[in-house]
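The values are calculated or read from the model by the stated rules, or taken from the named source; none is laboratory data. Note that this is a predicted model, so its numbers are computed, not measured. Every residue, glycine as well, gets a Cβ built from its backbone with ideal geometry; the counts of neighbours run over all protein chains shown.
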Amino acid sequence: MTTAEVPSVGDLLAERYRLEEHVGGANGYRQLWRGVDVLLHRSVAVVLRSPGGEDAAPTMTAAVAASRAHVDSMVDVYDAVDEGRFAYVVREWVNGSSLRGVLERQHLDPAHALELVASVADAVAALHEGGVTHADLHPGTILLSEDDRVMVTEPRNEPGNTQVEDVRALGATLYACLTCTWPRVVPAENTGLADAATDEWGRVLDADKVVPGLPAALSKLTADLLDHTQTPPSAAELAVDLRRLAETGGAGPAAAAAAESAPTSVLGAISFGRRSSGAAADSPPAGMKRLAVVAAVIAAVIFAGVVTSAVVFGGGEDPAGAEDQVTGEDTGAEPSNTEGESPESVAPTEVALTADSVRVVDPPEGDRNQNEGVENVIDDNASTGWTTNTYRGDPNFGNLKPGMGILIDLGEAREVSSVRVQMTSAGATVGLLGGAEDPGDSSEGDQAIVDGFSVLAEQVEDADTNIELKTGGEATRFIVVWVTELPQVSDGYKLTISDINVFAR
């Protein structure tokens, strides 16, 4: 073993796992390696995390849960070791392609998409039963093996992630299978796919608007799973009902009946969570190993020349560089303002922001020492962000001040349509303020913001990790994403905001 903080090629871990090739992950925080188990003489994948210790505890817990999952759609986890300076999980090495590799070239037909996501849901349900979440579901972490299996890579179990967020990620994966795009309402790292198209208010278009001919019931189901105002089913319930819907190619009888009647939610129409005691017997066994859908998809990929003899994707890392492989134009481009259109008909567009456009608002009795990383909220990278200090005693910043926020300068007065806020933990109370000028980056100036800025969007209590604050279209130059209560963490109350996107005319 070398003395480096992170192991290197040739190192032998636990006197058993020799590192052969660095496959993905450019930094020390999380790396994917191809290795060899020198005792059993087999290839393994080694997912390395630095540092180890307390920071790696969620990863170690998730590895134990994954090893006990006993479902064919979860990769086999062989070992998990925490050496203090770093920790690592050893799992099976999968020959094949990621789902991302397929979706970069073609979308799946409804029945195949439903069966595939149902198989992924089996693995997620097993993790949830074991008390952990996956926290990293997207097409780059779903593998299609050469022996006809759908396989989910080892979970991250990031603190703050919930089972509901995992289920929403399943809905986003279904949307991606149907449209080859990723809906940004579900944060994910390095999906390798173009952003999903949105309407004039920044909402994700229904799948049947992107791919004409998709069954309306399937499109509505996907939209409902992405809708943060609706409570989704559990992963286990979703797996059963996706397979039922697949039997009719996505146009299930219950969903079709709902579409002909009042516009009710498809989630309710197909009776998630309200099945009779005998209903489960009709569903296929969890984690069917030989799915016809997988065989069909793998055959298509082989024909396209995607699958190689030893391509492995894990932990969101693509050794081939997903960014360089994305094909096609971003269908999320906004329509241009053609001659003769009135200003009211122009669709909102995302406001381009720079590091100079944002600053922290920290009114009295704030210590004004929490500016580090605020520029990360506009970098469109969910793995970075701005984090408050940890407060104790009360979620209202320890009752020390009325709140904190991030002020954004739009450069000129704009009609703000909506603001999307992505956070790493659910449970915060977040709203939106607006004003004509910045009173100054000082304690007095920040108090003037609290006293003088108007409310553009009412506060959302117990907010999900991804929210959209919709305004009445007021024109303003300065807006503030305003937080008055923090989510609870192990040692108090703290919040990380990873991304803010502003849409305006």
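Among the residues of the stretch 360-371, which ones are touching a residue at least 60 places away in the same chain (Cβ under 8 Å) and crowded, with 20+ Cβ neighbours inside 10 Å? Lay out the reasoning, then the answer.
Within the stretch 360-371, the first condition is being touching a residue at least 60 places away in the same chain (Cβ under 8 Å), and the residues that meet it are 361-364, 366, 368.
The answer is Val361, Asp362, Pro363, Gly366.
Residues being of a type in the set (S, T, N, Q), farther than 30 Å from Glu129 by Cα, modelled with pLDDT under 90 and in a loop (DSSP other than H, G, I, E, B) are represented in the stretch 19-32 by at least one member. When the residues of the stretch 377-406 are narrowed to those that are modelled with pLDDT under 90 and hydroxyl-bearing (Ser, Thr, Tyr), which ends up nearest to the chain's Cα centre (by Cα)? If we take residues in the stretch 377-406 being modelled with pLDDT under 90 and hydroxyl-bearing (Ser, Thr, Tyr), then Ser383 is nearest to the chain's Cα centre (by Cα).
Taking first residues from the stretch 435-459 that are assigned by TED's automatic domain parsing to the domain that holds Ala413 and partners that are among the polar types (S, T, N, Q), the Cβ contacts under 6 Å between residues at least 6 apart in sequence or on separate chains come to Leu456/Thr471; Ala457/Thr471; Gln459/Thr429.
Looking only at the stretch 426-464, which residues are assigned to a strand (DSSP E or B) and among the aliphatic types (A, V, I, L, M)?
Filtering the stretch 426-464 down to residues assigned to a strand (DSSP E or B) leaves 429-435, 454-460.
Within the stretch 426-464, Val430, Leu432, Leu433, Val455, Leu456, Ala457, Val460 meet the criteria.
Restricting to the stretch 132-150, and then to whatever is surrounded by fewer than 24 Cβ atoms within 10 Å (Cβ to Cβ) and over 16 Å from Val167 (Cβ atoms), can you tell me which residue is modelled with the lowest pLDDT? Filtering the stretch 132-150 for residues that are surrounded by fewer than 24 Cβ atoms within 10 Å (Cβ to Cβ) and over 16 Å from Val167 (Cβ atoms), the one modelled with the lowest pLDDT comes out as Asp147.
Given Ala113, Ala87, Ala125, which one is crowded, with 22+ Cβ neighbours inside 10 Å, among the small types (Gly, Ala, Ser) and within 18 Å of the chain's Cα centre (by Cα)? Going through Ala113, Ala87, Ala125 in turn, the sole match is Ala125. The criterion of at least 2 residues that are more than 25 Å from Ala172 (Cα to Cα), over 23 Å from the mean Cα position of the chain (by Cα) and hydroxyl-bearing (Ser, Thr, Tyr) is met, among strands (runs of 3 or more DSSP E) falling completely within the stretch 466-505, by 475-485.
For the stretch 65-75, check the following and say yes or no: at least one residue is assigned to a helix (DSSP H, G or I) and surrounded by 24 or more Cβ atoms within 10 Å (Cβ to Cβ). Within the stretch 65-75, one or more residues are assigned to a helix (DSSP H, G or I) and surrounded by 24 or more Cβ atoms within 10 Å (Cβ to Cβ). Does Gly192 meet the test of being surrounded by fewer than 22 Cβ atoms within 10 Å (Cβ to Cβ) and at positive phi? No.
Criterion first (assigned to a helix (DSSP H, G or I), over 17 Å from the mean Cα position of the chain (by Cα), under 28 Å from Ser425 (Cα atoms) and at pLDDT 90 or above) does Asp166 satisfy it?
Values: assigned to a helix (DSSP H, G or I): yes; over 17 Å from the mean Cα position of the chain (by Cα): no; under 28 Å from Ser425 (Cα atoms): yes; at pLDDT 90 or above: yes.
No: the conditions fail for Asp166.
Screening Val75 on (1) among the β-branched types (Val, Ile, Thr); (2) more than 24 Å from Gly192 (Cβ to Cβ); (3) assigned by TED's automatic domain parsing to the domain that holds Arg16 shows it passes everything except condition (2). Any residue at all in the stretch 217-227 that is in contact with a strand residue (DSSP E or B) (Cβ under 9 Å, 6 or more places away or on another chain) and under 22 Å from Ala125 (Cα atoms)? Within the stretch 217-227, one or more residues are in contact with a strand residue (DSSP E or B) (Cβ under 9 Å, 6 or more places away or on another chain) and under 22 Å from Ala125 (Cα atoms).
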